[in-house]
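Student: Questions regarding the structure given below will be posed in turn.
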Amino acid sequence: MHPLPDLPGAPRAIDADALHRMVRTDQWVALRRSVRGAVQINMLLSLITAVIAWQSGRALPGLAWLALSLGVNAVRLVLLRLPARDDGGTWRSVDGLLRLQAAGACVSGCVWSLVAWLCAGYTGPGTVFYLVVQCGICAGAVTYGIAYAALPVSFTMPPLLVAAACLAAIGDLQHIALSACVLLYLAALLRAARQSEVAFRIGSRTKNEATALAEQLAFRATHDSLTGLLNRDGFTQAAAQRLAPSPSAPCLLMLDLDGFKAVNDAFGHQTGDRVLRDVAQWLCGTLAGRDALVGRWGGDEFVVLYAPRDEGDAARTVAEALIRTIPSATQEPWARLGLSIGAAVAQQGGDVAELLAQADEALYAAKRAGPGSVHLFDAPLAERMQRRRDMERDLGPAIAAGRLALWYQPILDAGTGRVHSLEALLRWEHPRHGWIDPADVIFTAASTGLAEPLMRFILDAVCGVARALVAAGRPPWPIAVNVSPREMSQLAVDRLILSGLARHGLRGERLIVEITEEVALDTDAARSKLAALAAAGVTIAVDDFGVGYSSLALLRNRHVGQVKIDRSFIAGLASSPDSQVVVQAILQLGRALRIQVVAEGVESQEELDGLRRLGCQLVQGYHLARPAPLPQILQQLGPAEPGAA
């Protein structure tokens, strides 16, 4: 059986010496259990044999023999009660006690060989009975001594050899043949004893190897393969056991390593793995005095559960101490580590799943506050977590029932005021929490596996509106939909959009897909999706242009047909020469590269006038039209012009 590779803290694979000791121990345990029964039967047969001797006129020799047999068996029972000691080759070791029992069996066998004295060398009265009893008790010795062959061998040889010798000494053919049968019987018993021990040792070895392997597999099922700490499942199980009987209020810390991604990116995963192992050892050493339960939650996140003993063990105090000392956690010279920690205190009757959820919520709050932050789970976080849970529970039914809505905001021609296109904006009025931010809806859909149903809902609604506008005599305005980076990476966006357009009989020109700059510069997979959409006539628009990942390479991307200047450059445009220069440069690049440029977030007449002076053709913002349900937008725009479609 091949051992598994070593894992930090895992049970070791057993070597040959350890396996031998385990097998010997199993032999001793089995022997103690079986010999007790065998000795009791031995004593009973001794009593019957003494009775037969008394009936045969050999009362005194029979009593003497009985006393000797009972005395030897009593000593054997006493020896069985001795505990084994792991002290090498002394007589109190397992091997020593096994040999001692074999010696006791030999002495008992010698006593039974004296039965020949009771029947004048198997020539007197009761000879048949004595032979039957001898053969029977020897067979029983083999049966009871299957774990250790030396015991039945030591017991059976003296009486059967003496019996064979006595029978052969009689001299006639019948007794010589009977003597030969006894010797054959003895040989068969010895062979059976040896084979039984071999089978027992093989079974014991297999059992112990399987037990050791099962312990290793059980350890690996509940421990992290890199650090040897408890993994997510193992920590959850161990934490549940600790929470159940705890009279105090245990604290749970969830730790996230700040700066670890930079170490991985700069020095590779091998260095990152060493850092994680160092951090695991540092955590265990730092928290050793608190009897803390430490686990690796995944990636660069760790979890700690401990029961505070005094005020110095308060969650914030311990967390801040860990943050102060984390720089010393690894010897890697280029690793600059920090910690963000979320903490939660167990409530009476709370379960581990709830406590972990609270600490996770607190960790997100700490990470939002910046590196090196600690956040304790509190009432505002509890409300936020309940809000998220309600959203996760209710979003699916809301999509299925059509309770989500799309509002629209027009993009206008700055010179004429005519509608150029519409942007569809997701809206969800939750029955308990009111209007939900669209970004939260997108995040919830992604985390609950509803991203694709949500996108299908949006596409069907937008395509339906596009058809309805033309049917109502409106121009074929393109409609823009937003696609988040998470949706772009997780979904086959190109397939979903193109199949939706085909299902509604619309050309690609009727749709604008708004993405963020990081999506436009992302992986080859994302670029291939954008290429497929652009090839079908769908306009690719880059939202919030000018912040984040902006580059000239983005404007040269042949898939991009529109950019939307970020609101931060439009606010206060009239009084900011720097913003005017940036906007002017983007407009000139757009004209040179034949890319539409939209100024979004126009909220005042001064900003609109400034954009007109700079030559911006497309504008969008609250000053022009606020997002609203489609009927309100159409009402604001006035009646359809004849022949507009």
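The values are calculated or read from the model by the stated rules, or taken from the named source; none is laboratory data. Values in this document were obtained by computation on a predicted structure and should not be read as measured data. Cβ atoms come from the backbone with ideal geometry, glycine included; neighbour counts cover every protein chain shown. Just the protein is used for accessible areas: all its heavy atoms, side chains included, with ligands, DNA and RNA removed. Shrake-Rupley method; radii C 1.70, N 1.55, O 1.52, S 1.80 Å.
Student: Against the longest alpha carbon principal axis of the chain, how many degrees, from 0 to 90 and to the nearest 10, is the axis of helix 232-243 turned?
Tutor: The answer is roughly 70 degrees.
Student: Can you tell me how much longer the chain between Ser568 and Ala214 gets when fully stretched, taken as 0.36 nm per residue apart minus their C-alpha distance, in nm with one decimal?
Tutor: Roughly 121.3 nm would be gained on extension.
Student: Just to be sure I understand the model, the point goes 7 Å from the Cα along the line to the Cβ. What's the resulting Glu429 to Ser225 distance in nm?
Tutor: 5.2 nm
Student: About the Cα centre of the range 174-302, what is the dipole size in debye to 20, counting +1 per Lys and Arg Cβ and -1 per Asp and Glu Cβ, all else neutral?
Tutor: About 800 debye.
Student: Which cross-chain or sequence-distant (5 or more) residues have an amide H under 5 Å from the amide H of Arg58, H modelled 1.01 Å from N in plane?
Tutor: none
Student: Related question: Is it possible to state the helix-based mean residue ellipticity at 222 nm for the chain, with each DSSP H run of 4+ residues giving -39500 (n - 2.57), the sum divided by total residues, to the nearest 500 deg cm²/dmol? What is it?
Tutor: Using -39500 (n - 2.57) per qualifying helix, the result is -19000 deg cm²/dmol.
Student: Hey, can you find the accessible area per residue of the range 53-147 for me, probe 1.4 Å, expressed in square angstrom?
Tutor: With all protein chains present, the range 53-147 gives 46 Å² per residue.
Student: Determine the distance separating the Cα centre of the range 236-267 from the Cα centre of the range 442-476; give it in Å without decimals.
Tutor: 41 Å
Student: From the phi angles alone, apply the Karplus equation (6.51, -1.76, 1.60; θ = phi - 60°) to the range 323-332 and give each ³J(HN,Hα) in whole Hz, x where the residue is Gly or Pro.
Tutor: With coefficients 6.51, -1.76 and 1.60, one gets 5, 5, 9, 4, x, 8, 6, 10, 8, 5 Hz.
Student: Taking +1 at the Cβ of each Lys and Arg and -1 at the Cβ of each Asp and Glu, which of Leu80, Leu70, Leu31 sits farthest along the dipole of the range 25-88 towards its positive end, judged by Cα position relative to the Cα centre?
Tutor: The residue sitting most towards the positive pole is Leu70.
Student: Note down the nm distance, to one decimal, between modelled labels 7 Å out along Cα→Cβ at Ala468 and at Glu606.
Tutor: 4.0 nm
Student: Same structure, new question: 7 Å from Cα along Cα→Cβ at both Ala535 and Gln584: what's the point-to-point distance in nm?
Tutor: 4.1 nm
Student: Return, ordered by residue number, the residues of the range 269-285 whose backbone nitrogen is under 17 Å from a label point located 7 Å along Cα→Cβ of Trp334.
Tutor: Residues 269-276 fall inside that zone.
Student: Same structure again: So what are the ³J(HN,Hα) numbers for the range 191-205, from phi and the Karplus equation (6.51, -1.76, 1.60; θ = phi - 60°), rounded to whole Hz, Gly and Pro as x?
Tutor: So the J values, rounded to whole Hz, are 5, 5, 5, 5, 5, 5, 5, 4, 5, 5, 5, 4, x, 5, 4.
Student: Rounded to the nearest 5, what % of DSSP beta bridges with both residues in the chain are antiparallel?
Tutor: Around 60 percent of the beta bridges assigned by DSSP in the chain are antiparallel ones.
Student: Next up: Rounded to the nearest 20 Debye, what is the dipole magnitude of the chain about its Cα centre when Lys and Arg each give +1 and Asp and Glu each give -1 at the C-beta?
Tutor: The dipole magnitude comes to about 2300 debye.
Student: Compare the Cα positions of Ile170, His269, Val538 along the charge dipole of the chain (+1 at Cβ of Lys, Arg; -1 at Cβ of Asp, Glu; about the Cα centre) and return the one farthest towards the positive end.
Tutor: Going by the Cα projections, it comes out as Ile170.
Student: Expressed as an acute angle from 0 to 90° and rounded to the nearest 10, what is the orientation of the C-alpha long axis of helix 94-113 relative to the principal long axis of the chain?
Tutor: 30 degrees
Student: Can you give me the angle between helix 379-401 and the longest principal axis of the chain, using Cα atoms only, in degrees from 0 to 90, rounded to the nearest 10?
Tutor: 80 degrees
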